[in-house]
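Beneath this line is the structure, given in structure tokens, with notes to follow.
The values are calculated or read from the model by the stated rules, or taken from the named source; none is laboratory data. As the structure is a computational prediction, the values presented were derived from the model and not from experiment. Cβ atoms come from the backbone with ideal geometry, glycine included; neighbour counts cover every protein chain shown.
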Amino acid sequence: MSEREPKGEFDADAEMRTLLGSADGAAPSSRHDQAVLASARAAASRIRARSGLELFRLRIAVPLLASFALGAFAAFLLNRSLLPTPAEPAVAEQLRIPLHVASRDTGAPTDEIPVEQADPQVWYRYIQELIYAGDRVQAERHLRRFNQLHPDFVYRP
Amino acid sequence: MSKRESDDQSLMLRFQEQGDVGAFEQLFARHKAGLYRFILKLSLNTATAEDISQHTWMRLVEVAEAGRYQASAGATFRTYLYTLARNRYFDEYRRDREVVGADSPEAIQHDVPDEQAETPEELYARQQDSDRLDRALRDLPSEQREVVVLWMQGLDLVDVAQITGASWHTVVSRKRYALAKLKRVLGLESVR
């Protein structure tokens, strides 16, 4: 019994419905059935083939492509980290050291000379003094420039 | 929606999504006779009924293959199937809204499935009843015939309203008039 149909309506005609329905035994021909089922089987095999292809895409092709992409990206990052970094800009920092340090007691305390003109040993000791004085920022700037100008320097105390 | 109607929808979705031909065969076995009888009683022509029925099922296969069937809370699978058939019938065979090429009642073959084998006397009596019913249906206006034939196939009036595109009240009214005429013509006034 349908709940969507008013009960009175249904009950009033239930017997009539049964009577009319039982008078009917018609069925489609076997040719009809064969045509429909053949069509359904053909469509089913096409659907399976299509879903198999989609399954391949989802389960194999996509992870495969993703791993290739990941590998390529990792290789790119690795190469980038191994490659020498481009040379620093040619503009060298203009550093100077006090003249009295460079020449030891000559010149006024405010006089300075470019580090390129200073004796490496003197300059190196000046850097040490900067470190001892706690001026790390200035010491690092000098040390970086010192290593550029005197890469083979060996300190002799 | 009943369990069976929900099961119909899942069978249809299995066919559509997985290409499960067994699911389609179950659906076909469940509904082919009802659909065919609906069209036969509507058209009163066996060739038309065969053609519309076959076309409807093949259309359903096409819909599934294109992935366009959607289980809907508002319409059952059977409502959808019968709507396809009804639309095809009115599009192709009833443009002039008249019964064209109706068979004589005697010409309509009433096959009996093996499991319902009857004695010759029973078969003859049932065919006589069916012939009288076909004659009575032929005299009904097409709107009333459509409603009563769908109702005879076990559809409730809400589904009939969906399939025919008429309001529920209109469907109730058409069914009432149709049944009154059928009872009178078939001599079934005493039947409730």
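Remarks
- Listed by first and then second residue, the pairs linking a residue in region B:149-167 that is within 9 Å of chain A (Cβ to nearest Cβ) to a residue that is outside any helix (DSSP H, G or I), with Cβ atoms under 6 Å apart and 6 or more places separating them unless they lie on different chains, are B:Asp156/A:Ser2; B:Asp156/A:Arg4; B:Asp156/A:Glu5; B:Leu157/A:Glu5; B:Val158/A:Arg4.
- Residue in region B:72-99 that is modelled with the highest pLDDT, counting only those that are loosely packed, with under 13 Cβ neighbours inside 10 Å and not in a helix (DSSP H, G or I): B:Ser72
- The set of residues in region B:35-70 that are within 21 Å of B:Trp151 (Cβ to Cβ) and charged (D, E, K, R) comprises B:Arg37, B:Lys41.
- Options A:Ser39, A:Ser30, A:Ser45, A:Ser51; residue that is within 14 Å of chain B (Cβ to nearest Cβ), loosely packed, with under 10 Cβ neighbours inside 10 Å and at pLDDT 70 or above: A:Ser30
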